[in-house]
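Note sheet for the following structure.
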Amino acid sequence: MSIRLNDDAMRQFRVAKVFQETDEHKRSMEFSSDGLRLLLCDHSALSIFSSTRQVELCQVRMHHYLPDVACFAQQDTRVLHSTSKHDYSIRCLDLNTRLCVRVFGGHAKSVHTLASQPGNEHVFISAGRDDQVYMWDFRSSTHIHRIKKLRRPLCAFDPAGLVLATSTGTDGIQIHDVRMLGGEPCQKFVYQVNDKANWTQLQFAPNGKSLLLSTDHSWCFSVSAFDGTYQQSFTGYSNLSRLPLDAAYTPDSQFILSGADEGRIHIWRAADGYPVAVLKGNNVGPVRCLRFNPRATMFVSSDLLIVFWMPMANGVYDWVDRLKPGETISITENDVQKEAVRVPSKIAMPKPKMDLGFKMQTLKRKRACTEGLLVDLTEVPGNKDSVEDGEIPDE
């Protein structure tokens with residue numbers, strides 16, 4: 001049996017364990033695909049934690065490379081990490097031998113995004129501050145694809161590993177068929193946005209239906225992964241230093257969590273943006289890194305501290321049969337309307353001028369070249385914190 005995630009369950013998360021290993025701010029965080037291990041990266045070291053026992057398994061010093069980002073390779077005994085010194089190469093480290101088994105060179109500036117392709121143990125992508133996105137294969141000594149003419153690019157694979165989403169600046173998202181990266185994108189979504197907020201993180205929802213974009217301002221928002229239309233904004237948190245604070249989906253795609261100033265974590269319903277809770281843990285600075293375990297009811301946040309969050313042991317929960325790999329929990333409309341509260345109104349957005357007619361198919365996407373959309377993503381006002389410690393706001 002496992003806990004069913006709903007509004008009440010999300011409010012009952014509490015700090016389970018705290019680590020302080022270094023004086024370095026954590027720069028990236030990732031769970032292994034089975035959820036058993038957690039990889040943390042800072043400029044001084046790569047650290048592997050057990051998410052079940054909540055202990056550190058190993059640490060590899062990185063003072064010579066100063067990595068900004070790291071991720072698991074599909075073989076979870078190996079990790080990829082960037083370097084911000086020397087040649088800005090990507091290195092593959094074997095955790096058993098602590099030896100570098102492959103170096104991938106090509107970026108002219110440091111790499112800020114690394115991700116393995118789901119379902120393919122050989123392929124991964126990287127995005128760098130040189131405005132280049134590369135696709136790599138462990139069986140090749142050089143990159144196999146390169147996407148150019150981007151500005152401050154972000155990139156992410158969909159959960160099935162069938163398509164790759166890239167962004168350029170704050171005005172466009174491209175959807176690429178991974179089998180035809182040498183050609184034009186299958187889709188282009190074009191937006192009008194306020195340039196004051198830079199996009200800092202791009203990710204697919206676990207169900208593959210939405211794309212979440214984080215910014216260095218006090219808001220993030222979601223768009224449809226199939227036609228690019230605006231869905232919902234998530235705001236009300238503080239980010240005074242304009243840092244790239246992480247946001248994360250729960251595994252069932254029903255909730256979104258985001259770090260904020262003063263160690264706070266904000267939680268919203270993904271469907272309507274309703275603020276479910278604000279949690280306050282042991283972090284004292286901005287929560288820069290945040291990840292929800294893909295296979296367990298827990299998440300981890302970090303600034304200088306590494307904080308493991310779990311539901312209260314004496315909490316009251318709904319229970320469901322334990323999920324099989326690939327399954328997700330569905331929350332019904334009755335659950336969403338459980339509390340008689342007023343849902344905040346959406347930020348005004350015009351409807352797209354063109355319907356792309358892009359429909360979801362079972363286990364794969366219909367790919368067709370289309371023209372762009374024009375959507376006005378206006379700046380979301382407000383840079384204030386809301387309630388904390390699991391409470392919901394007074395109306």
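Annotations for the structure displayed:
- Any hit, region 136-154, residues being over 20 Å from T200 (Cβ atoms) and open to solvent by less than 10 Å² (accessible area, probe 1.4 Å): yes
- Against the test of being in a strand (DSSP E or B) and farther than 20 Å from H145 by Cα, the options Y237, Y191 yield a single qualifying residue, Y191.
- Residues that are among the polar types (S, T, N, Q) and under 21 Å from T168 (Cβ atoms) were ranked within region 118-152; the one that is farthest from the chain's Cα centre (by Cα) is Q132.
- The listed residues are T229, T166, T142, T200, and the only one of them that is in contact with a Pro (Cβ under 7 Å, 6 or more places away or on another chain) and within 28 Å of R102 (Cβ to Cβ) turns out to be T166.
- Residue check for I175: crowded, with 19+ Cβ neighbours inside 10 Å, free of Cβ contacts under 8 Å to residues at least 60 places away in the same chain and in contact with a Gly (Cβ under 9 Å, 6 or more places away or on another chain): yes
- All strands (runs of 3 or more DSSP E) inside region 1-73 with 2 or more residues being open to solvent by less than 20 Å² (accessible area, probe 1.4 Å): 28-31, 37-41, 45-50, 70-72
- Checking each residue in region 45-89 for being among the aliphatic types (A, V, I, L, M) and in contact (Cβ under 8 Å) with a residue 24 or more places away in the chain picks out A45, L46, I48, V60, V69, A70, A73, V79, L80.
- Looking across region 157-170, just one residue is open to solvent by 10 Å² or more (accessible area, probe 1.4 Å), assigned to a strand (DSSP E or B) and either in contact with a helix residue (DSSP H, G or I) (Cβ under 8 Å, 6 or more places away or on another chain) or over 18 Å from Q192 (Cα atoms) (or both), and that is F157.
The values are calculated or read from the model by the stated rules, or taken from the named source; none is laboratory data. Everything numeric here is computed off the predicted structure, so don't read it as measured data. Here Cβ is always computed from backbone atoms with ideal geometry, including for glycine, and neighbour counts include all displayed protein chains. Only protein heavy atoms, including side chains, enter the accessible area calculation; ligands, DNA and RNA are left aside. Shrake-Rupley method; radii C 1.70, N 1.55, O 1.52, S 1.80 Å.
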